[in-house]
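Trainee: Here it is, the structure, as structure tokens.
Every number here is computed from the coordinates shown, using simple stated rules; none is lab data. The shown structure was predicted, so the numbers you read here are calculated from the model rather than taken from an experiment. Cβ: placed from backbone, ideal geometry, glycine included. Neighbour counts: every protein chain shown.
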Amino acid sequence: MGEILSQDEIDNLLKALSDGELDVDEVKGMEEKQVKNYDFKRPAKFSKEHLRTLEFIYEHYGRLLSTNLPVYLRKSIQVAVVSSETVTFSEFTNALANPVVLGIVEFQPLSGNLIVELTATLAFAILDRMLGGPGLPLEKNRDFSEIEMIITEKVMVIMLQLMRDPWKNVVEISPVLERIETNPQFAQVISPSDMVAIITLSIKVGDVEGFMNICLPYFTLENVMDRLNTKFWYSTMRDDKGENYEEYLEAMLKRVNVPLKAVLGNSVISVDDFIHLQVGDIIRLDSKVDNEMKVYVGNIKKFMALPGAKDDTYAVQVTSVIREGE
């Protein structure tokens, strides 16, 4: 609704028109305010800033999944956030396949629930890997057996516990898996017309790729919506570590373990000689005793060094640093 003029303002405007101080054509030429349609069936409760902050949170969550799940699956895991959007809860449930893995989660201490969805393709690939298989999905979807549901529940609990750390800059949470449903009709935790934020993660287990959808109802996040902005998120990160945030990061990086190897030289021998190697055997290398050795950090050649010993331990003395591009 436009601004309402008082009687005095109307009198002043008419006087300005009559005195020639204000041109009628100038008044007509004033650009009218654009009217934006508002859909009351789809209220805009999540802003772009809210969605962007949720993406930050689940990018962190994705990194935790990719480093922790391989311990249980014994296979490389790649996780990435692919999209974020707001829809009504009915639109989310109508788009679900059947069967599907739906984890109903109590997002304590916040009121309400959130839903974690795993596509059947991804769920069966994880199950196959947990049971000793190569991690392949089923050729044809079917319902989950009781044993498969128990295993899936244990994997889901592990995944939910990793959600604590990414959310701690907003609120300290304790997610609890209430139950798992495979039929979308039994996952009606809020009104169909309520708005939810959907964060979609792409999860690749070996060669099998599937999706995980995190359904976050507005009702659940209502009490912390004012904290779901990047400014608050980053400021909280700094406050937790004090004023010396850069020094904290530098100290953390200095404690990271990296593989370091010094290569004396290379040699080619037959498989038969390799099998019959014994203590005291001599292998001729392609380098001389006084030649410098290459020292690798990971797989990157970083230093040149000379071999030696310190006390009773073999050691190397760094002679030069190899810069990037050399």
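Trainee: Using just the Cα positions, wrap segment 48-252 in a convex hull and report its mean projected area in square nanometres, one decimal place.
Mentor: 11.9 nm²
Trainee: For a quick size check, give me the Cα extents of segment 260-321 along its three principal axes, largest first, whole Å.
Mentor: The principal-axis extents, from largest down, are 38, 29, 21 Å.
Trainee: Would you mind calculating the gained length between L306 and R284 on full extension (0.36 nm times residue separation, minus the Cα-Cα distance), in nm to one decimal? Please report the intermediate quantities before stating the final value.
Mentor: Details: separation 22, 0.36 × 22 = 7.92 nm, distance 1.82 nm.
Value of the extension gain: 6.1 nm.
Trainee: Continuing with this model, one more query. Quote the charge dipole size of segment 270-326 about the Cα centre in Debye, to the nearest 20; the model charges only the Cβ of Lys and Arg (+1) and of Asp and Glu (-1). Each step should come with its number before you reach the end.
Mentor: Working: 7 positive and 10 negative charges, 60 e Å.
I would put it at about 280 debye.
Trainee: What value in Å³ per residue do you get for the convex hull of the alpha-carbon atoms in segment 77-128?
Mentor: Working: hull volume 6.7 nm³, N = 52.
Each residue corresponds to 130 Å³ of Cα convex hull volume.
Trainee: OK, next. So which trypsin sites (Lys or Arg not before Pro) in segment 37-142 end up in coil per DSSP with only 14 or fewer other C-beta atoms within 10 Å?
Mentor: K41, R74, K140, R142
Trainee: Using 31 Å as the Cα-Cα cut-off, could you pick out the over-long pairs in K75/K261; K254/K301; K45/K75; K154/K261; K154/K301? Can you show the working numbers first?
Mentor: On the way: K75/K261 25 Å; K254/K301 19 Å; K45/K75 39 Å; K154/K261 39 Å; K154/K301 43 Å.
Cα-Cα > 31 Å for K45/K75; K154/K261; K154/K301; rest within.
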